[in-house]
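Since the structure comes first, as structure tokens, the remarks are kept for the end.
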Amino acid sequence: MSVYPIILSQTGFAHRDELTYPFEERGLQFGDGVYEVIRIYGGKYYLLTEHVERLFRSAEAIKLSLPFSNQDITKRLLDLLEQNEMVSDGIVYLQATRGSAPRNHAFPTDTQANVYAYIRDMPRKTNNLINGVSAITQRDTRWENCYIKSLNLLPNVLAKQAAQENGSYEAILERDGIVTECSSSNIYLVKNDNIYTHPATKTILHGCVRMRVEQFAGNDNIPFVEEAFAVEDIFAADELFLSSSTSEVMPIVEVDGKMIADGKPGKVTRQLQEAYEKDANINKIVT
Ligand SMILES: Cc1ncc(COP(=O)(O)O)c(C=O)c1O
């Protein structure tokens, strides 16, 4: 199934064909809004609380007042699964914008946020998770506030497109030679059994899976070092991997056409993949 028929909007549940927006809508015209993508496994959310909390942090950062409480939206998202009788692996996409108003950069007054959420099936990327993926490096041309999960994704879109045109899975973003994250995931380097990743500053999105990766590393006594690494460090790495709600913990085995270590997923990455599967209560795909 593609998009499930029942969607959530600010006025309640509706059929997906019933949802329309005026063309003067802040999300459409300015990207003036925030969003979340939450993983669903077997009809159940993974890291729901973490995502909802981040949605509120993003909204606060852009001075957007959300028309629901944390508890309300959590309940409605759970109801959305039930209403659609969702039992498979998928995602929910949830967005909130500053509403519909005559086009003007400054905030409109007396406008309610527009909100919608829909679910769709998305199987796990089994083959990539087992064998690893390739990536290319790209300049990080984004703004200073990448910790906000805003709708403004043009630099991410262009970087991902460049990766796709190169036959690669992801684009690794660098600012002045320092790796920040990827176009739609966080990235980590393993060297001498330490995990290195960019600190959770305003320059990167604080991934919900990243938070978990830090915990998994702690549980297994693997040092998790929040220290940025350079593009050239990638080519001397023992392992490289990325994380996100749709990619889980994904090995990267090739960058810019060069093999990372022996070109196979490494043992720390495998350990973290196993911890992820246990935490999300899903099947082991690597045996
Ligand atoms: C730029 C960026 N970084 C990191 C992530 C990973 O975040 P999460 O683990 O919460 O899915 C995403 C997810 O879409 C992203 O777009």
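The values are calculated or read from the model by the stated rules, or taken from the named source; none is laboratory data. Since we're looking at a predicted model, the values are computed, not measured. Cβ atoms come from the backbone with ideal geometry, glycine included; neighbour counts cover every protein chain shown. Just so you know, the surface numbers come from the protein's heavy atoms only, side chains and all, with ligands and any DNA or RNA stripped out. Shrake-Rupley method; radii C 1.70, N 1.55, O 1.52, S 1.80 Å.
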* Structure fact -> Rounded to the angstrom and largest first, Cα extents along the principal axes for segment 12-95 equal 36, 30, 19
* Cα atoms only, segment 32-182: Rg and Dmax in Å? -> 17.6, 52
* Asked: Taking only pairs that are 8 or more places apart or on different chains, how many Lys pairs in the chain have Cα atoms under 19 angstrom apart?
  -> 19
* What ³J(HN,Hα) values, in whole Hz, does the Karplus curve 6.51 cos²θ - 1.76 cosθ + 1.60 give for segment 274-283 when θ = phi - 60°, with x put for Gly and Pro? -> 5, 4, 4, 4, 5, 5, 7, 6, 10, 5
* Structure fact -> Total charge of the residues flanking Thr109 in space, meaning their Cβ is under 14 Å from its Cβ, with Lys and Arg +1 and Asp and Glu -1, is +2
* Kindly express, to the nearest 10 degrees and within the range 0 to 90, the angle between helix 48-61's C-alpha long axis and the longest C-alpha principal axis of the chain. => 70
* Asked: What's the local net charge at Cys146, with K and R +1, D and E -1, over the other residues with C-beta under 11 Å away?
  -> +1
* Positive minus negative residues near Glu24 (Lys, Arg vs Asp, Glu; Cβ under 13 Å) -> +1
* Give a quick list of trypsin sites (Lys or Arg not before Pro) in segment 39-147 that DSSP marks as loop, anything other than H, G, I, E or B, with at most 15 other Cβ atoms within 10 Å. => Lys63, Arg103, Lys125
* Cα gyration tensor shape of segment 90-144, rounded if a/c is under 1.5, else prolate or oblate by comparing a/b with b/c -> oblate
* **Average accessible area per residue (Å²) across the chain - probe 1.4 Å, nucleic acids and ligands excluded** => 48
* To do: Could you work out the Rg to Rh ratio of the chain, with Rh taken as the Kirkwood radius (inverse of the mean 1/r over all Cα pairs)?
  => 0.97
* Tail beyond 27 Å, pair distance distribution of segment 126-280 (Cα, percent) -> 14
* Read phi for every residue in segment 181-191 and hand back ³J(HN,Hα) as whole Hz from Karplus 6.51 cos²θ - 1.76 cosθ + 1.60, θ = phi - 60°, with x for Gly and Pro. => 7, 10, 5, 8, 6, 8, 10, 9, 10, 10, 9
* Structure fact -> Output for segment 1-110: chymotrypsin sites (Phe, Trp or Tyr not before Pro) sitting in coil per DSSP, at most 10 other Cβ within 10 Å, listed by number, reads Phe23
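When the accessible area of segment 6-121 is split by element with a 1.4 Å probe, what percent falls to carbon and sulfur?
49
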* To do: For every helix of n ≥ 4 consecutive DSSP H residues, a contribution of -39,500 (n - 2.57) applies; sum these over the chain, divide by its total residues, and give [θ] at 222 nm rounded to the nearest 500 deg cm²/dmol.
  => -8500 deg cm²/dmol
